[in-house]
Structure formats: C-alpha cells, structure tokens
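The values are calculated or read from the model by the stated rules, or taken from the named source; none is laboratory data. Here the structure is a predicted model, which is why all the values come from computation and not from measurement. Cβ sites come from the backbone with ideal geometry, for glycine too, and all protein chains shown count toward neighbours. All accessible areas refer to the heavy atoms of the entire protein, side chains included, with ligands and DNA or RNA removed. Shrake-Rupley method; radii C 1.70, N 1.55, O 1.52, S 1.80 Å.
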Amino acid sequence: MSTPTAFDIVIIGAGPAGQKAAIQGAKSGKRVALLERERGIGGSCVYRGTIPSKTLRESALHLDRLRRASAAFEFSLKPGAEISSLLSRLEEVVQTHDTYMSKQLRRNGISLFHGRARFINDRTIEMQTVDGARQHFTADHFVVATGSRPRNPHEIPVDHEHILDSDSLLSMIYLPRSLAIIGGGVIGCEYASIFALLGVEVTLIDRAKAPLQFMDQELVAQFVASFEQHGGHYLGGQSIQSVQWNGATHVVTLLGDGQIIKSEKMLVALGRQANIEDLNLPAAGLEVDDKGSLSVNQFCQTAVPHIYAVGDMVGAPALASKAMEQGRRAVRHALNLPIGDAASTIPIGVYTIPEMASIGLDEKMANERFRNPLVGRAKFEEVARAQISGAGHGLLKMIADPDGERLLGIQIVGDSATELVHIGQMALQQGALVESFIDNVFNFPTYAEAYRVAALDILGQVAKRQTAAAA
Ligand SMILES: Cc1cc2nc3c(=O)[nH]c(=O)nc-3n(C[C@H](O)[C@H](O)[C@H](O)COP(=O)(O)OP(=O)(O)OC[C@H]3O[C@@H](n4cnc5c(N)ncnc54)[C@H](O)[C@@H]3O)c2cc1C
Ligand SMILES: NC(=O)c1ccc[n+]([C@@H]2O[C@H](COP(=O)([O-])OP(=O)(O)OC[C@H]3O[C@@H](n4cnc5c(N)ncnc54)[C@H](O)[C@@H]3O)[C@@H](O)[C@H]2O)c1
C-alpha cells in the first residue's frame, strides 16, 4: 500500500452532492479531497441528466415558440434532423458549468483527484486511476456521494442503440420517427413531452392508470392532454410482456393486453439504482440495505458515524437540489456546526411541457388530513401575462385549511410553474395567511398574479359559506 495522504474530509463523487459537501468542508477551514472516477466534474446531473435534458427541452420550446409566433408560417424540423443540431448549446453549457465548478474548487483549495474509489477499511480509501496506479487516502470523515444510474430490469434488453436508457438516449444520431417510452415517471414524462413537441411519434407506457402518480392528478391530466395534443399517446395500466429489436427496423413491444407497439427507438425509464457496488462497503463495516442503498439517519450519517452518505445514492427523491443540500448539511453535522432546521418540504419541479411544480400538501393529502380543506384555483387564462405570452393553459391550485386562513400547499401546471412555486414555498415557510396574497401588490402583468386570483377564490368560498350559514 502506498503511503496514505491524510485529509480532514474525503468525499467520493463530484456530482452536486459531493461538490457542495466539499465546498462546505473547505469553507470551514478543513483539508478536503474530492475523488471522482470520471474526467469531468458534475456527475450525472451535468453529463447525462438535468443539464442535457433541459438543453434539449429548450430547443423544443424554441421551436414551439416559433410555431406559435405566427400562424402564417409553418415551422417543422427537417426529416432526419440530427440530435446534435438540437443540442448545439449543450457543449457550451457544460463547458461553462465545468469551468465555473473547477474554479470554485480551486479557489476553495479543494484537492481534486480522478480515479475509482473504494474502502480498504473504515478510515482508508484506495483510489485507482485510469492507468492502474493506486493511491490511498485517510481522513477523519468520509462522505459517499456516488449517485445513481438507470435501473434496467434484466428482461428488457437495453442495447444502447435501439433500446436506450436515459444515459444513452441523447447519443442517438438522428431524431427518430417514433419512440416508445416505458415508465411514466419524471424522466419518461419529461422526455415524452420534449420528443412529442419535436414531432416524434411518442408512445408512453406505464403500469399505472395515469403517469406521475406522486403529483396532483388534476395537473397531470393537463400535461397528458397537452402531450396528446402534440401527437403523443399514453398507454396506462399496462404490463410489459416482452421487448425485442426485430433486427432490421423496429423495437417490438408486446403488452399484457395483447397490443403490439412498434417504434424506431425505445427509452427505458423505470427508476434509478444507487452506485454502490464498487465501494467495497463491507470493508468499512457497512451493509447495503434491502432497497440497494445505504441507510442513513436524518443527518445522512451511516451506521459508521464518521461515514456519511448523501444524494441519489441514499434514495428518493432523486433531485439535484436535495443532493446539494444533503452534502452541505452532512459536512456541517460532521464538523459540529449549526445545521438549522431541515426544510420540512422541498419543492418538486417537473420539466414536462407544460411544466409542473408542487410544494406542501396537495388536494388529496389535505383531504386525508383535514375535513374539507379549501382549494382556490387560478386558471392561467384569467391572468394577463399568460394571455400575452399565448402560453396556453395553466392552473395554480392553492390549498388552505377549512377556514380558508392558513396556506397548506401550492400546485401549478403551466408556463413558469417551476419558478412560481418558490413564492408559495417562502409563504409556507413564513406561515403566511391566504389573505397576505391579497394584501400585497404584485407586478402586473405577471404569472405571480395567479396567487392573488387563487387567494381571492378561497376568500370568495369562505364568504359564500358565511352567507349560507347566516341565511
Ligand atoms: C434525465 C435526467 C434528468 C434530470 N433532471 C433533473 C432536474 O431537472 N432537476 C433535478 O433536481 N434533478 C434532476 N435529475 C436528477 C439529478 O441529476 C440527480 O438527483 C443528481 O445528479 C444527484 O446528484 P449526486 O451528486 O447524488 O449524484 P451524481 O450526479 O450521479 O454524481 C455522482 C458522482 O459520483 C461519481 N462516482 C460514482 N462512483 C464512484 C467511485 N467509486 N469513485 C469515484 N467517483 C465515483 C460519478 O462518476 C458521479 O460523477 C435528473 C436526472 C436524470 C437522469
Ligand atoms: N425534474 C426533476 O426533478 C427530475 C427529472 C428527471 C429525473 N428526476 C429524478 O430521477 C428519478 C428517476 O426517474 P424515473 O422516471 O426513471 O423513475 P420513477 O421512479 O420516477 O418512475 C418510474 C415509472 O416506471 C413505472 N414502472 C415501473 N416498473 C414498471 C413496469 N414493469 N412496467 C410499466 N411501468 C413500470 C412506475 O409506475 C413509474 O411511473 C426520479 O425519482 C426523479 O426524482 C428528477
């Protein structure tokens, strides 16, 4: 064994979780090593997840804006358009991100090493570089932030050429004529709406009757309607009997009800699994739990107290935002720094077209906890900003307690939903009353006005109830 290099904190994985853990450690004056097996930093978020998918989405939205700008012109993509032409900004976005992150790591004196890391014991890590050299590190604290990868059941023959997963999807050279997607979760729905808007014939298949089971189903219905308006098909309540590339032209999918779906390409989006196998966890005294991840307490501490695990590798929700916050909090806990209260709710943003967002309780959850919660609705058609942009349909739902006083949650579908939701988030955190959305003046014309419209709807319902009770 080479002589180990000693650090205060060693972090495995330079995705969003590992980066924020490293920065927190360095800002607290600690010597930090960040070990990353890939050449770039940023993890699946930058290279195979958030950033590539949202860059392609931006191209689809741009095309849609052109189409909507004037009914006198017809905009469509050339048949056989190259995916790379739709991702022309990706390299620039990734490069900018990489440069910014590298500078930030250097500025904070974080030592970055490239290689595959594994535990030798609970205080030592061995890292193997691409040329086979081995280097050893010791530390007082370790943070495991190795992320996740697509879960591909063995009965589905993912070949990364015709049957792809979210890691390989954007390696397609040409935009396919047709795409079948199995899995109506966030990845399946985001890509389904992007490709449908780009003119691809998309079939989205899930075992559930409706996609995105964890979202308010009134919002989901608007997404499905828009997806189908763009030529997509949702096939719910289906089981997959078999998937096969026919060797020449099509991927052939046989469904439980006997339907056969033929598509040029297929995307498999059936969830994620933790990157855990390479870590040699038993050597550190750690065991993989029955969900295939590492169990942690509320501080992201594993059963070995000086080893923390954060981000996607500890399970759902698999969000970059959650990963970053866990990285930061884990290191603060390790260093006995004040942590503050963990956010009791984190926003969900789903970048379908139209996009959706949620914070706090939705109507179904509120109904389970309260008798007759009030729901205020603001249709985007009633909001001047949405009329001007011609952004189509949208809805903001404000959930309040049965007295119509206390705000319980916000759900939004439509343009800017993923930005708008933060107003609701701050209001929830401050315990704001429904009335405060009426007492405040909002810029006009803005989408934010939808909050006032929804609050007025709730107060109108309260007034009606009072009048009825008095009569
Ligand atoms: C298609 C897609 C779209 C997404 N869109 C969004 C979105 O819009 N918003 C959102 O919040 N989230 C989104 N996500 C989820 C988001 O990308 C993840 O939640 C986030 O990347 C998790 O960060 P992480 O640091 O835990 O893991 P990762 O980003 O996966 O990083 C882990 C890092 O660890 C490294 N590593 C693994 N094993 C080792 C080892 N043994 N030694 C050294 N290094 C190792 C990996 O190379 C990688 O760089 C999306 C995901 C996908 C797939
Ligand atoms: N905007 C965002 O924040 C964002 C974007 C993309 C991904 N992500 C994260 O990535 C994670 C993974 O996303 P995902 O979409 O792959 O997984 P998921 O777990 O969200 O959805 C998987 C879907 O597959 C379906 N399914 C599972 N097995 C099936 C079967 N045998 N037959 C038919 N349907 C089946 C499920 O019903 C579910 O709808 C999510 O947890 C999400 O948090 C987040």
Qualifying residues in segment 34-48 (those that are in contact with a Ser or Thr (Cβ under 8 Å, 6 or more places away or on another chain) and farther than 13 Å from V331 by Cβ) - the one most open to solvent (accessible area, probe 1.4 Å): R48
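Yes or no, residue by residue, for (1) charged (D, E, K, R); (2) at positive phi:
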{"position": "L90", "(1), (2)": "no, no"}
{"position": "F113", "(1), (2)": "no, no"}
{"position": "I120", "(1), (2)": "no, no"}
{"position": "R123", "(1), (2)": "yes, no"}
{"position": "H160", "(1), (2)": "no, yes"}
Pick from segment 437-465, criterion assigned to a loop (DSSP other than H, G, I, E, B) and hydroxyl-bearing (S, T, Y), ranking: least open to solvent (accessible area, probe 1.4 Å): Y447
Boolean, L63 is over 30 Å from P282 (Cβ atoms) and buried (at least 16 other Cβ atoms within 10 Å of the Cβ): yes
Residue within segment 94-101 that is more than 9 Å from ligand 1 (Cβ to nearest atom), free of Cβ contacts under 8 Å to residues at least 12 places away in the same chain, polar (S, T, N, Q) and closer than 30 Å to A334 by Cβ present: yes
Residue within segment 68-82 that is buried (at least 17 other Cβ atoms within 10 Å of the Cβ), away from ligand 2 (no atom under 13 Å from the Cβ), closer than 22 Å to G390 by Cα and hydrophobic (A, V, I, L, M, F, W, C) present: no
Cross-chain or 6+ apart pairs with Cβ under 8 Å, segment 394-405 first and over 11 Å from S358 (Cα atoms), then open to solvent by less than 10 Å² (accessible area, probe 1.4 Å) and of a type in the set (F, W, Y): G394/F380; L395/F380
Residues of segment 202-257 classified as acidic (D, E) and either within 16 Å of ligand 1 (Cβ to nearest atom) or part of a loop (DSSP other than H, G, I, E, B) (or both), total: 3
Selection within segment 177-201 - part of a helix (DSSP H, G or I) and either away from ligand 1 (no atom under 16 Å from the Cβ) or modelled with pLDDT under 95 (or both): A196, L197
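Being among the hydrophobic types (A, V, I, L, M, F, W, C) and under 21 Å from V314 (Cβ atoms) is the filter; apply it to segment 145-186 and report the residue that is nearest to ligand 2 (Cβ to nearest atom).
The residue in question is V186.
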Residues (surrounded by fewer than 22 Cβ atoms within 10 Å (Cβ to Cβ) and of a type in the set (G, A, S)) located in segment 196-230: G199, A208, A210, A221, A225, S226
Single residue of I399, I353 found to be open to solvent by less than 20 Å² (accessible area, probe 1.4 Å), in contact with a helix residue (DSSP H, G or I) (Cβ under 8 Å, 6 or more places away or on another chain) and either within 11 Å of ligand 1 (Cβ to nearest atom) or in a loop (DSSP other than H, G, I, E, B) (or both): I353
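Taking T3, is it more than 8 Å from ligand 1 (Cβ to nearest atom), open to solvent by 20 Å² or more (accessible area, probe 1.4 Å) and closer than 29 Å to V331 by Cβ?
Yes: the conditions hold for T3.
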Elements of type helices (runs of 4 or more DSSP H) in segment 1-72, at least 1 residues being out of contact with any Lys or Arg (no Cβ under 9 Å at 6 or more places or on another chain) and more than 27 Å from L319 (Cα to Cα): 50-69
Residue in segment 315-344 that is modelled with the highest pLDDT, counting only those that are open to solvent by less than 50 Å² (accessible area, probe 1.4 Å) and in a loop (DSSP other than H, G, I, E, B): L335
Failed condition for P79, given (1) within 16 Å of ligand 1 (Cβ to nearest atom); (2) assigned to a loop (DSSP other than H, G, I, E, B): (1)
Residue selected from segment 26-61 under the condition away from ligand 2 (no atom under 15 Å from the Cβ) and of a type in the set (V, I, T), by the criterion farthest from V94 (Cα to Cα): V32
Any chance A248 is over 22 Å from the mean Cα position of the chain (by Cα), open to solvent by less than 20 Å² (accessible area, probe 1.4 Å) and more than 16 Å from ligand 2 (Cβ to nearest atom): no
Checking V375 against (1) open to solvent by less than 70 Å² (accessible area, probe 1.4 Å); (2) at pLDDT 95 or above; (3) more than 25 Å from F214 (Cβ to Cβ), the condition it does not meet: (3)
